[in-house]
Amino acid sequence: MSVSTKSAFSKVYSLTKASPYKKYRNFFFVLLLISIFIALLVPFTNFSSDVSKNFERIDFRNLKNLPLVKLTNSASVLAPKNPLCNHWDCFNIYRCGHTGHDRISVYVYPLRKYIDEDGIQASEQLSREYFSLLNTVINSKYYTANPEEACIFIPSIDTLNQDKIQLNLTSRALSSLPHWRNGENHIVFNMVSGSFPDFLPSIELDTGNAMIAGAGFDTLTFRQNFDISLPVFSPAAKSAEVKDITHERSWLVTSSQLNVDPYFLSELQQLKRRHAEYVLVLNACRSHEYARRCDVDDEKTYEYPAVLRRSIFCTVFRGERMGQVVLLEAMAANCLPVIVMDGHVMPFSTIIDWKHFSVFVSENHLSTLMEVLNGISEKRIRQMQRTLLHVYKEYFSSMEKITLTTLDILQDRVYPHLGRTYDVINLMPEEINLNPLFFPITSPKAHGFTAVILTYDRVESLFTLVERLSKVPSLMKVVVVWNHQKKHPPSLSAFPKIPKPINIIKTKANKLSNRFYPYKEIETEAVLHIDDDIVMLTSDEVEFAYEVWREFPDRIVGFPSRTHIWDNSSQKWKYESEWTNEISMVLTGAAFLHKYWSFLYTNFLPSEVKDWADEQMNCEDIAMNFLVANITNKPPIKVTPRKKFKCPECTSNEMLSADMGHMVARSQCVDAFTKAFGRMPLKSVEFRADPVLFKDPFPEKLKRFNDIGSL
Amino acid sequence: MQAKRRYLLVCLVAFLTFCYFGGYHFRGSQDILLDIEELASYISLNTIDTGYLVRGRESNLIDDKKNCGMETCFDFSKCEKDFRVYVYPQEDSSMPSPSYLKLLNVLLESRYYTADPREACIFVLSIDTLDRDRLSNDYVRNMQSKLQRLPHWNNGLNHVIFNLYSGTWPNYTENDLDFDYGKAILAKASMSENHVRAGFDISIPLFHKVHPAKGGEPGAPSANNFPLEKTYLLAFKGKRYVHGIGSDTRNSLYHLHNRKDIIMVTTCRHGKSWKDMKDDRCDEDNKEYDKYDYETLLQNSTFCLVPRGRRLGSFRFLEALQAGCIPVLLSNSWSLPFSQVIDWNKAAVWADERLLLQVPHIVRSLAPNKILQLRQQTQVLWDRYFSSIEKIVHTTLEIIRERLPKQPIRDGTVWNNFPGALVTLSTYSDSPEDFPFYSEKDERMGFTAVIYCQLGNPLSSNSPLYRLVTYVGKSKYVAKILIVWSSEKRPASRNRWPGLPLQVPLHIIQASANSNIGNEQAKSSISQRFYTHKEIETEAILSLDEDTILTTDEIDFAFTVWKQFPDRIVGYPGRSHYWDDSKSTWGYTSKWTNDYSIVLTGAAFYHRYYNYLYTEWLSPLLHKTVEQSQNCEDILMNFLVSHVTRRPPIKVTQRKQYKEQPSAGSWSPWNDPDHFIQRQTCLNTFAAVFGYMPLLRSNLRLDPVLFKDPVSNKRKKYRRIELVGSENLNSCIRSAEMRTGIEMFIENANSSFKQDKVEIRVYKESRNEQRTAEMQKGIASSLWKEQNPNPKATKISIRVSGGQKLSGIENTKSDFKKVKI
């Protein structure tokens, strides 16, 4: 107890002593008692006010002294595993959704020690792996301590290894669980199943309607869309792990398993005789250690699993059971698995595409192994290795990952509309095609485009532009974005009379990003972004640019082009507006874009880039070019010959120096955005688009677009 | 003193009580934290798995057709050579249903087909098995005995049985085909997860009787609007069954109907005796049902509900897919079509029949960008795997083929992305980088120039071929020049050819001498320019004719453009196709036009993968057409590339005339008057075999950035291109395009002046063009009728005149315009 409290006490004491009103002494005492009582009550009252905390989180301390549960013979009738179960019949979906409609909730039973009347234990002490599994569940976003709101139940009885449990007792223990209900929504984890002599591919417990997350399933026992296939976790895998794919691999294929079926072994030895420098066949050494393997022929010893790192492919055969630890060890060593197990359900095969990084050879065709492996190109091998590295790290590298992957599969199954797609799961982030417009269609001309004009207060020029645009046949609508905060935009009646609708949007702040807001008023997919002073484009040119955009709807298609160059002296990117043979940007002062890019600019542009453009009142067009190029990896398309976009009379010296400053600022933008995106996404091209008959000696009247290219 | 002690005592007691009751969460700190490493592992590696099960033991145990797998119920040895399909000959006694007939025809025309059962890997019955509902008209009786009579039945080994309906009222038992299919692979619609034999059976979509054999309708969406704002969010219109299997789901749909954005209308008015079965809601439902049109709902809804009917699948699934209406599946345990390879999460939304009322919440929770993705993927899948019976059958066969041993790998990325697995042949390469579709490599090797020599004119220093080789040799990017010599004359000896830089080797392949190419009949084929010559090591191929004229600058520029569009044909000679309404055929034109849809391979870059597709993948019928006419191979290549990419080719810069004018008297296939007619015929044959017209038009050509810009020529990288194009003024005008001319004229006529008489004269240039001119006259009049807004007021006279020089447009009178084309 601290000093200050002590002195407080003495103060109280002295006060009471000094007090002439002794009858109050009891009052203080009672007060103290009451306050202590309240203080004691506080935690309990707290509990009852919040239901979710009402339940005890499972805790792992004291594993040695677990509460005992005695199983009596008269316990409920055991139901054997129901082979017909699927997600739709046996899984009670109504139990999910108590905690909102986007996430499953998983309950873990408290740890108990189960014994029968004679005191025989149902299972040995919790294993390290099962502990890790439970711990992962508890710390995951899916965990709930409240069985009433749980969607999935995980028994805390360690069933990973069938050899280590009393089958009958464990079955009884499972059915004695308070929420068991014949296994409904329960998931039983198992990695080593079956026993001598049959070694059934699924754990021989009476699991009723419970799901089994197990290793070594074959297609006959695996209940589609219900069970989950796991890998057999290997404690040795960690020591085999590699960080990248640069390892020198001297063997093409290695078989390292102990006690492979003699039939396979002899096939392998035959292969080895023919391709001695490619094939390594290992078996147990005389001493029989797991960490040491010997060549079947010359008894040369190798460290295991380190030897796996020296081979490109590693075979995986069935043993007594389908599930083999070597699979995970090979994967850890980035050795591409060659699966020689007919009818095996590969781990997590519902979401992971094993064809992406492994080879399947049917048991009867083992003799073709070398032919198959030699048929795989070098490029493909590299790619498989990269994928394997990624997949192993994400889904297999520890008990924690394996557990989370299992829960994620259940999550996707219960909430399929939030489910991850093939690409998200199987591809590396950089491989995923982000291009939002991946289906190649040319939209009909009749859909037309919307012109979005960003304006401040240049009304006169705005009106000229609107008038000119109205002559473009495919224009559907004009949207004027009025950025001046104090002045009001001119009323619609003041606008030139044009046959197309005009919408005026008054913005709330004078920001350049306003031009890229996906306004509701834009009803077409094509948007012509145009500055209010671009009045020099002919209607043929705009119409033609729209035609070009229709053929390249995922790109920026427009008129003023710029390029970026690497300045060796300053070691920076420079912005360039000179006449060059290459272009890498098309400015949005006059360009067609899909409306989707406005949505992306507004919602997903890195905030530092967006803020930079808004603060500097500059470079929003460069930012848009970066955004589009970063996602599509495609350059923009410039249309028709170069134009003079500035007013002809602005050639005084002042303007020139202002120009210089402008160029410096723009170069800074390019440099800053490169850093923000982490790379230079812009791509240069040497072409532009012209009408098919442009400049051809051909009657102008017969050309669809003839008014093109005037300065 | 006593009071002090009392206080202390109370405090102490309180503290202890607190510790005992409330302070349990401090206890952990007092306990020793558990060390995971203290726990034993669940297995001990040193003792595990010291045995093996004798191989093949299981397979002996399994003799049940329920447990079939590829290893147990399929004879791989039949497929060792090639993947071929045998179709039993048609029995005269019974005619299969139209759908099955289409399916069989597709197989007969496909490259999988073999007429020899000994070569076959897969057998397909000629007995119609599509409809196994005993109450149906197409139901074939005595199936079992018919099967027994088949010479190769062998208890269904290596057979594929296509089926759309199984079981019958009232149970609709799923695997009740009413005959014993033994070890045959089922390619069956409406399968459930429980009944699909994993890795063996294939779930196919249910398709209509009118589903086209080939080609097929494109998807309805013509644009990728964003955000997708349709009139309705979710729609369903269909029958409901008042009683019996599968009726519950549809019977409760009315709960979701809100008349605003969710339209769920059902009717029980179907079948003969619906009135006897009807329930309380029927009348009300029918009234609501009649308010909406099925087609309108399909087109104007973002999501379409696909609930189960009596069976798990329904026509609605394909209909929704085609309409670009994202399917919301309400059919528990349905194994979706081709779900072995297709990731439906990318194109459809699963709902649960048990959670019907959650459906609105589910569809509303999807973000607009997710909706855009889903919708596009419906189109990718529809277009690649479902739009015709041919695609469905080929997809089925390809899935089986991938299971065979020694097949190269094709993973889900290929299946689930455009352009899809049917045109991405894994036998070409197992690495996506080698295909033109996925590559985003900045660095590409140079190109191989393939010059096809058919005429075999003698080589001299001013012959076109000599010049061409010289120009190509000067290119910065050329890696190799390959001469494909198919003339009967002998090619000039090596020292007669122009000198080339050291790094540019020149190979001559003589078709007659070279036996490693193709089979005998293809030896002198015109298609040999597209063979997959092993000498071609670069991805890019520059395909040339012997008399092509191209400058080095043009070649280099076209190559830099091709690098940006490796999946397309990029080249010079643009041509186009059009629909000739008067004759209801496709027309082909080489005239100058405002657009083009074909770039001839006489001067074009393309990816070498298309050579492989051309020789290995195209239907034998197409090859036959080319062989017979010894023509059209370039059009076929354009068909192929447009079919695969769904994009038009790309024309670069101005050059139109890409050939030397043949000197008078000498023969060239290109000045043969029949040549043109033949090409027109080809166009129509190809369109028929493909089942649709894959060619697409483009309005643009690509020029160098500074092309014809008012800037010093020295700044231009490709300055020589500027000089090309004006050299052949005469020929340009001569080939002025008829159709465009008339279109333009009519447009002008409408806007600028009112006229009551129009004369269009079609001039023919030479005797050979008589036929062309006649044809154009036909087009002109049909176009005029089609486009003239005021047919009563205007008369048109179209004449064919001979042998006059043309000079474009001329105005004779101000109110009467004459266009010469």
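The values are calculated or read from the model by the stated rules, or taken from the named source; none is laboratory data. As the structure is a computational prediction, the values presented were derived from the model and not from experiment. In this analysis, Cβ positions are derived from the backbone assuming ideal geometry, glycine residues included, and neighbour counts consider all displayed protein chains. Just the protein is used for accessible areas: all its heavy atoms, side chains included, with ligands, DNA and RNA removed. Shrake-Rupley method; radii C 1.70, N 1.55, O 1.52, S 1.80 Å.
One residue stands out in the stretch A:456-494 among those that are more than 29 Å from A:PHE705 (Cα to Cα) and either among the hydrophobic types (A, V, I, L, M, F, W, C) or touching a His at 6+ places or on another chain (Cβ under 6 Å) (or both): the one that is surrounded by the most Cβ atoms within 10 Å (Cβ to Cβ), namely A:VAL481.
Open to solvent by less than 10 Å² (accessible area, probe 1.4 Å) and in a helix (DSSP H, G or I): does that describe A:LEU389? Considered against the rule, which asks whether it is open to solvent by less than 10 Å² (accessible area, probe 1.4 Å) and in a helix (DSSP H, G or I), A:LEU389 comes out as no. Does B:TRP169 count as in the same structural domain as B:PHE123 (by TED's automatic domain parsing) and open to solvent by 60 Å² or more (accessible area, probe 1.4 Å)? Spelling it out, B:TRP169 is indeed in the same structural domain as B:PHE123 (by TED's automatic domain parsing) and open to solvent by 60 Å² or more (accessible area, probe 1.4 Å).
If I ask for residues that are open to solvent by 60 Å² or more (accessible area, probe 1.4 Å) and closer than 27 Å to A:GLU184 by Cβ, which ones from the stretch A:215-251 would you list? Of everything in the stretch A:215-251, those that are open to solvent by 60 Å² or more (accessible area, probe 1.4 Å) and closer than 27 Å to A:GLU184 by Cβ turn out to be A:LEU220, A:GLN224. Condition (residue is charged (D, E, K, R), facing chain B (nearest Cβ under 9 Å), farther than 22 Å from A:PRO262 by Cβ and open to solvent by 20 Å² or more (accessible area, probe 1.4 Å)) applied to the stretch A:317-333: is it met by at least one residue? Scanning the stretch A:317-333, I find no residue that is charged (D, E, K, R), facing chain B (nearest Cβ under 9 Å), farther than 22 Å from A:PRO262 by Cβ and open to solvent by 20 Å² or more (accessible area, probe 1.4 Å), so the answer is no. Might you let me know whether the stretch B:436-459 holds any residue that is of a type in the set (Gly, Ala, Ser), modelled with pLDDT under 95 and buried (at least 21 other Cβ atoms within 10 Å of the Cβ)? Within the stretch B:436-459, not a single residue is of a type in the set (Gly, Ala, Ser), modelled with pLDDT under 95 and buried (at least 21 other Cβ atoms within 10 Å of the Cβ).
Kindly establish whether A:ALA526 is open to solvent by 60 Å² or more (accessible area, probe 1.4 Å) and closer than 30 Å to B:PRO649 by Cβ. So A:ALA526 does not fit the description; no.
Scanning the stretch A:560-595 for residues that are open to solvent by 40 Å² or more (accessible area, probe 1.4 Å), within 14 Å of chain B (Cβ to nearest Cβ) and assigned to a strand (DSSP E or B) yields one hit, A:ARG562. Scanning the stretch A:96-115 for residues that are open to solvent by less than 40 Å² (accessible area, probe 1.4 Å) and not in a loop (DSSP other than H, G, I, E, B) yields A:VAL106, A:TYR107, A:VAL108, A:TYR114, A:ILE115. For the stretch A:225-249, a residue qualifies if it is among the hydrophobic types (A, V, I, L, M, F, W, C), within 11 Å of chain B (Cβ to nearest Cβ) and under 30 Å from B:SER339 (Cα atoms), and the qualifying residues are A:PHE226, A:VAL232, A:PHE233. Check the stretch A:252-262 and report whether any residue there is open to solvent by 70 Å² or more (accessible area, probe 1.4 Å) and within 23 Å of A:ASN334 (Cα to Cα). So far as the stretch A:252-262 goes, no, none of its residues is open to solvent by 70 Å² or more (accessible area, probe 1.4 Å) and within 23 Å of A:ASN334 (Cα to Cα).
Looking only at the stretch B:120-169, which residues are touching a Phe, Trp or Tyr at 6+ places or on another chain (Cβ under 8 Å) and outside any loop (DSSP other than H, G, I, E, B)? Hits for the stretch B:120-169 are B:ILE122, B:PHE123, B:VAL124, B:ASP131, B:MET143, B:GLN144, B:LEU147, B:GLY156, B:HIS159, B:VAL160, B:ILE161, B:PHE162.
Table: residues versus (1) facing another protein chain (nearest Cβ under 7 Å); (2) in contact (Cβ under 8 Å) with a residue 24 or more places away in the chain; (3) out of contact with any Lys or Arg (no Cβ under 7 Å at 6 or more places or on another chain).
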| site | (1), (2), (3) |
| --- | --- |
| B:THR378 | no, yes, yes |
| B:GLU390 | no, yes, no |
| B:HIS394 | no, yes, yes |
| B:PRO408 | yes, no, yes |
| B:ASP430 | yes, no, no |
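With respect to the conditions (1) within 14 Å of chain B (Cβ to nearest Cβ); (2) surrounded by 18 or more Cβ atoms within 10 Å (Cβ to Cβ); (3) within 24 Å of A:HIS98 (Cα to Cα); (4) not small (Gly, Ala, Ser), A:THR159 falls short on a single one, namely (3).
The listed residues are A:LEU282, A:LEU252, and the only one of them that is over 16 Å from A:ILE339 (Cα atoms), away from chain B (no Cβ under 12 Å), among the aliphatic types (A, V, I, L, M) and part of a strand (DSSP E or B) turns out to be A:LEU282. Might you check whether a residue that is within 14 Å of chain B (Cβ to nearest Cβ), open to solvent by less than 30 Å² (accessible area, probe 1.4 Å) and without any contact (Cβ under 8 Å) to a residue 12 or more places away in the chain occurs anywhere in the stretch A:447-455? No, there is no match, as no residue in the stretch A:447-455 is within 14 Å of chain B (Cβ to nearest Cβ), open to solvent by less than 30 Å² (accessible area, probe 1.4 Å) and without any contact (Cβ under 8 Å) to a residue 12 or more places away in the chain.
With the checklist (1) open to solvent by less than 20 Å² (accessible area, probe 1.4 Å); (2) at pLDDT below 90 in hand, flag the one item A:GLU700 doesn't pass. Of everything listed in (1) open to solvent by less than 20 Å² (accessible area, probe 1.4 Å); (2) at pLDDT below 90, A:GLU700 misses just condition (1). Summed over the stretch B:300-345, the residues that are more than 14 Å from chain A (Cβ to nearest Cβ), free of Cβ contacts under 8 Å to residues at least 60 places away in the same chain and either out of contact with any strand residue (DSSP E or B) (no Cβ under 7 Å at 6 or more places or on another chain) or open to solvent by 10 Å² or more (accessible area, probe 1.4 Å) (or both) give a count of 1. Take the residues of the stretch A:666-711 that are over 24 Å from A:GLU582 (Cα atoms) and of a type in the set (Phe, Trp, Tyr): which is farthest from the chain's Cα centre (by Cα)? The residue in question is A:PHE698.
The condition (being open to solvent by 10 Å² or more (accessible area, probe 1.4 Å), charged (D, E, K, R) and in contact (Cβ under 8 Å) with a residue 40 or more places away in the chain) is satisfied by just one residue among A:ASP342, A:ASP353: A:ASP353.
Screening B:TYR42 with (1) at pLDDT 80 or above; (2) open to solvent by 50 Å² or more (accessible area, probe 1.4 Å) gives one miss only, at (2). Picking from residues in the stretch A:544-559 that are in contact with a helix residue (DSSP H, G or I) (Cβ under 9 Å, 6 or more places away or on another chain) and closer than 20 Å to A:VAL466 by Cβ, the one that is surrounded by the fewest Cβ atoms within 10 Å (Cβ to Cβ) is A:TYR546.
Checked against the criteria, B:ASP553 counts as acidic (Asp, Glu), in contact with a helix residue (DSSP H, G or I) (Cβ under 6 Å, 6 or more places away or on another chain) and either more than 22 Å from A:PHE698 (Cα to Cα) or buried (at least 24 other Cβ atoms within 10 Å of the Cβ) (or both).
Residues in the stretch B:129-138 that are modelled with pLDDT of 90 or more and in contact with an Asp or Glu (Cβ under 6 Å, 6 or more places away or on another chain): B:ASP131, B:ARG132.
Per-residue answers, yes or no, for (1) more than 8 Å from every other protein chain (Cβ to nearest Cβ); (2) at pLDDT 65 or above:
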position: B:ASP31; (1), (2): no, no
position: B:GLY51; (1), (2): no, yes
position: B:ASN60; (1), (2): yes, no
position: B:LYS66; (1), (2): yes, yes
position: B:MET95; (1), (2): yes, yes
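Looking only at residues in the stretch A:295-307 that are out of contact with any Asp or Glu (no Cβ under 6 Å at 6 or more places or on another chain) and buried (at least 17 other Cβ atoms within 10 Å of the Cβ), the one that is modelled with the lowest pLDDT is A:VAL296.
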